[in-house]
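Structure, as structure tokens:
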Amino acid sequence: MILIVTSILLFLLYSLLMLYYFFGWKKITPFEHNYQTPATRLSIIIAARNEEETIGPLLSALNNQTYPQELFEVIVVDDHSTDRTADVVKQFEKVKLVTLNEPGQNSYKKKAIETGIRHATGDLIITTDADCLPGKDWLSTLASFYQINEPVFIAAPVVFHHQNNVLEIFQALDFLTLQGITAVSVHSKLFGMSNGANMAYSRKTFYEVGGFSGVDKIASGDDMLLMNKIWEKEKQKINYLLSK
């Protein structure tokens, strides 16, 4: 009997929580990119390890962005790859390739991103993963959102491409639920959640919070741990960008 009552109570609490997220999602207005005059210098940082199969399509997609080419740079940090990742990157003349040669790290990805930012010249740092494919208006949308709202940190959505089998569909739906929770939590200023595959932050703010200092001994968390540091300092200037 106690088990049944407990299960019912937990189900009710979970249902209320999901309803809260549902109505919170409805309150978020999708951002309409208005193609205002581009004025922000962007630096796209990609940490890549053994990504020879995926890095090429990503860099091609970045070459085809609608944002002015002279206002953004792409920096790929080769994180100890043992395949042809670097050779593929070198085929793209405008891409800056940086090689990470620092063994003995607890978090190679954080070090790779930190190294990329040291070579960056943009005011807005944008991170993505080597196996992602952004749409052609990705940078224009991020830059427009940044210029209008002046956030110090932007969390943005990520979706899975999947085959039509049960397991992958379930994984995609589970991930979409997580993305919905991320949107509502950030928009409502409840707590910080983000995904490094689609994330942006002010380079100035990165250095103001000390970068990854204090969390650099933890293997993961190049996205949320950094976000939490910024959250503690300027929560009201952290925004969620809802856009297809």
Of the residues Ile148, Ile154, Ile125, Ile113, which is farther than 16 Å from Asp78 by Cβ, hydrophobic (A, V, I, L, M, F, W, C) and in contact with a Gly (Cβ under 9 Å, 6 or more places away or on another chain)?
Ile125
Looking at region 109-159 only, could you name the residues that are of a type in the set (A, V, I, L, M, F, W, C) and open to solvent by 40 Å² or more (accessible area, probe 1.4 Å)?
Leu133, Ile148, Val159
Could you tell me whether any residue of region 131-148 is within 23 Å of Leu17 (Cβ to Cβ) and part of a loop (DSSP other than H, G, I, E, B)?
no
Pair list, Cβ under 8 Å, 6 or more apart: region 153-165 residue part of a loop (DSSP other than H, G, I, E, B), other residue acidic (Asp, Glu):
Phe160/Glu168; His162/Glu168
With assigned to a loop (DSSP other than H, G, I, E, B), of a type in the set (S, T, N, Q) and more than 17 Å from Arg49 (Cβ to Cβ) as the only criterion, which of Thr66, Thr82 stands out?
Thr66
Would you call His162 open to solvent by 50 Å² or more (accessible area, probe 1.4 Å) and closer than 23 Å to Ile55 by Cβ?
yes
Out of all the residues in region 50-71, which are surrounded by fewer than 22 Cβ atoms within 10 Å (Cβ to Cβ) and either of a type in the set (Phe, Trp, Tyr) or closer than 20 Å to Lys110 by Cβ (or both)?
Asn50, Tyr67
Pairs where the first residue, in region 117-135, is farther than 14 Å from Arg41 by Cβ and the second is part of a loop (DSSP other than H, G, I, E, B) and of a type in the set (Gly, Ala, Ser), C-beta under 7 Å, 6+ apart
Thr127/Gly196; Thr128/Ala197; Asp129/Gly196; Asp129/Ala197; Cys132/Ala197
Looking at region 172-222 only, could you name the residues that are among the hydroxyl-bearing types (Ser, Thr, Tyr) and loosely packed, with under 14 Cβ neighbours inside 10 Å?
Thr177, Tyr207, Ser213, Ser220
Taking region 85-130 and keeping residues part of a loop (DSSP other than H, G, I, E, B), small (Gly, Ala, Ser) and over 20 Å from Ser202 (Cα atoms) leaves Gly104, Ser107, Ala130
Search result, residues across region 99-108 that are open to solvent by 10 Å² or more (accessible area, probe 1.4 Å) and either modelled with pLDDT under 90 or at positive phi (or both)
Asn101, Glu102, Pro103, Gly104, Gln105, Asn106, Tyr108
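The values are calculated or read from the model by the stated rules, or taken from the named source; none is laboratory data. Everything numeric here is computed off the predicted structure, so don't read it as measured data. Quick reminder, even Gly has a Cβ in these numbers, built from the backbone with ideal geometry, and neighbours come from all protein chains shown. Calculation scope for accessible area: heavy atoms of the full protein, side chains included, ligands and nucleic acids excluded. Shrake-Rupley method; radii C 1.70, N 1.55, O 1.52, S 1.80 Å.
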